[in-house]
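Student: There's a structure below that I have some questions on.
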Amino acid sequence: MPVDPLVEVDWLMQHIGDEDVIVIEAERRAGAFAAEHIPGARPLRFDDIAWEGEEGWIAEFRELDDIAATLRAAGVRRESRVVIYGASMTMTARTWVTFDLLGLGDRAFVLNGGLEAWKAAGGEVATGPPPEVAAGDVEPAHRVDFRVSADWIHARLADESLVLLDARPDDEYTGDDGGLGNGGRPGHIPGAAQLYWEELMDPDNNTRFRPRAEIARILERHGAGEGRTHVAYCMIGMRASVDYMAARMMGLDIHFYDGSWRDWGDRRDLPVEMGPDPRDREP
């Protein structure tokens, strides 16, 4: 079923004072929250919900119980409706995907347009440290692990119903970058469609999604559709979070390759493809 992970600024302005609404700023930059934030927002350190995995991959999901403990420390309760925003849509989307992994995707929302849209609509901003909050009681719910591994993908490469969505830009997808990820091989997973995450964003504000009808057309142009199995990946799983969100919005069967190209590209036993996506990517 489709999910509705977006809220608009006007909704938040009407409901920001509701007892069950919690606003979270997903951020990694030191001092960014104190410099400017939505009043009443609580910072969520990205490093508290992600870590460098055992193989040195960046932004791996932490254990679900550890993530839940971080959310409780931010005051998130079982009945909370959580609105997430940040300067980077990739980090904001990854935070929402983390909620979805905990089975809380229907209780978490991304502020469409972020802080830029908030200020443009006349929303006030605050400075200084975060407020003190009472600990929450949220727990993971309805755990459905949508993560897949390189071996899971490799075993299904010949399956025509498999749709791989690569969220990276041209040079990384084609291999013209020479390979990132500590010397990993250049290129992409064979047969993957290049759905660069910014294609899904408003050209004037890359923290705002395009209208749903446009998103549906973009996904269809890249081979996505009902009755197919989709997997989103990128370099470390950040940009893939935007593709994942878009697919969830359309009700598609979507999985998440957390290791992404840092994993696949470093494995010499797995096939690699070079060059541009042969699909027509014009709007």
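The values are calculated or read from the model by the stated rules, or taken from the named source; none is laboratory data. If you're wondering where the values come from, they're calculated on a predicted model, not measured in any experiment. Don't worry about glycine lacking a Cβ; one is built from the backbone with ideal geometry, like all the others, and counts go over all protein chains shown. Remember, those area values only see protein heavy atoms, side chains included, never the ligands or the DNA or RNA. Shrake-Rupley method; radii C 1.70, N 1.55, O 1.52, S 1.80 Å.
Student: With a cut-off of at least 3 residues that are over 20 Å from the mean Cα position of the chain (by Cα) and charged (D, E, K, R), name the strands (runs of 3 or more DSSP E) lying wholly within segment 185-283.
Tutor: none
Student: Oh, and also: Checking Ala135 against (1) under 30 Å from Trp264 (Cβ atoms); (2) of a type in the set (A, V, I, L, M, F, W, C); (3) assigned to a loop (DSSP other than H, G, I, E, B), which single condition isn't satisfied?
Tutor: Every listed condition holds for Ala135 apart from (1).
Student: Considering only residues of segment 203-213 that are open to solvent by 40 Å² or more (accessible area, probe 1.4 Å) and touching a residue at least 24 places away in the same chain (Cβ under 8 Å), which is farthest from Trp118 (Cα to Cα)? Let's see the steps before the verdict.
Tutor: Here is the first cut: in segment 203-213, the residues open to solvent by 40 Å² or more (accessible area, probe 1.4 Å) are 203-204, 206, 208, 210-213.
From the residues that got through so far, the ones that are touching a residue at least 24 places away in the same chain (Cβ under 8 Å) too are 206, 208, 212.
Values: Asn206: 14, Arg208: 11, Arg212: 21 Å.
Checking each candidate, the answer is Arg212.
Student: Any chance segment 61-74 includes a residue that's open to solvent by 10 Å² or more (accessible area, probe 1.4 Å), closer than 27 Å to Arg239 by Cβ, modelled with pLDDT of 95 or more and in contact with a Phe, Trp or Tyr (Cβ under 7 Å, 6 or more places away or on another chain)?
Tutor: No; the residues of segment 61-74 include none that is open to solvent by 10 Å² or more (accessible area, probe 1.4 Å), closer than 27 Å to Arg239 by Cβ, modelled with pLDDT of 95 or more and in contact with a Phe, Trp or Tyr (Cβ under 7 Å, 6 or more places away or on another chain).
Student: List pairs: first in segment 107-118 and farther than 22 Å from Pro2 by Cα and modelled with pLDDT of 95 or more, second assigned to a loop (DSSP other than H, G, I, E, B) and of a type in the set (Val, Ile, Thr), Cβ under 8 Å, 6+ apart or cross-chain?
Tutor: Leu115/Ile38; Leu115/Val125; Trp118/Ile38; Trp118/Val125
Student: Among the residues of segment 158-180, which ones are buried (at least 21 other Cβ atoms within 10 Å of the Cβ) and of a type outside the set (Phe, Trp, Tyr)?
Tutor: Result: Val163, Leu164, Leu165, Asp166, Ala167, Arg168, Glu172.
Student: Scan segment 237-247 for residues that are in contact with a strand residue (DSSP E or B) (Cβ under 6 Å, 6 or more places away or on another chain) and over 16 Å from Ala213 (Cβ atoms) and report the count. Break it down into steps so the answer makes sense when it comes.
Tutor: Here is the first cut: in segment 237-247, the ones in contact with a strand residue (DSSP E or B) (Cβ under 6 Å, 6 or more places away or on another chain) are 240, 243-244, 247.
Add one more test, that the residue is over 16 Å from Ala213 (Cβ atoms), and what stays is 240, 243-244.
Of the residues in that region, 3 qualify.
Student: State which residue pairs qualify: first residue open to solvent by 70 Å² or more (accessible area, probe 1.4 Å) and inside segment 11-34, second residue part of a helix (DSSP H, G or I) and among the aliphatic types (A, V, I, L, M) in any location, beta carbons under 8 Å apart, and separation of 6 or more residues or different chains.
Tutor: Once the first residue is open to solvent by 70 Å² or more (accessible area, probe 1.4 Å) and sits in segment 11-34, its partners that are part of a helix (DSSP H, G or I) and among the aliphatic types (A, V, I, L, M) give Arg28/Met91.
Student: Can I ask one more? I'm trying to understand the selection: among the residues of segment 119-132, which are of a type in the set (Gly, Ala, Ser) and not in a loop (DSSP other than H, G, I, E, B)?
Tutor: Taking segment 119-132 first, the residues of a type in the set (Gly, Ala, Ser) are 120-123, 126, 128.
Of everything in segment 119-132, those that are of a type in the set (Gly, Ala, Ser) and not in a loop (DSSP other than H, G, I, E, B) turn out to be Ala120, Ala126.
Student: Now for a separate question. Among the listed residues Val110, Val125, Val97, identify the single one that is surrounded by 23 or more Cβ atoms within 10 Å (Cβ to Cβ), among the hydrophobic types (A, V, I, L, M, F, W, C) and either within 20 Å of Asp258 (Cα to Cα) or touching an Asp or Glu at 6+ places or on another chain (Cβ under 8 Å) (or both).
Tutor: Exactly one residue qualifies, and that residue is Val97.
Student: Go through (1) crowded, with 23+ Cβ neighbours inside 10 Å; (2) at pLDDT below 95 and name the single condition Leu195 misses.
Tutor: (2)
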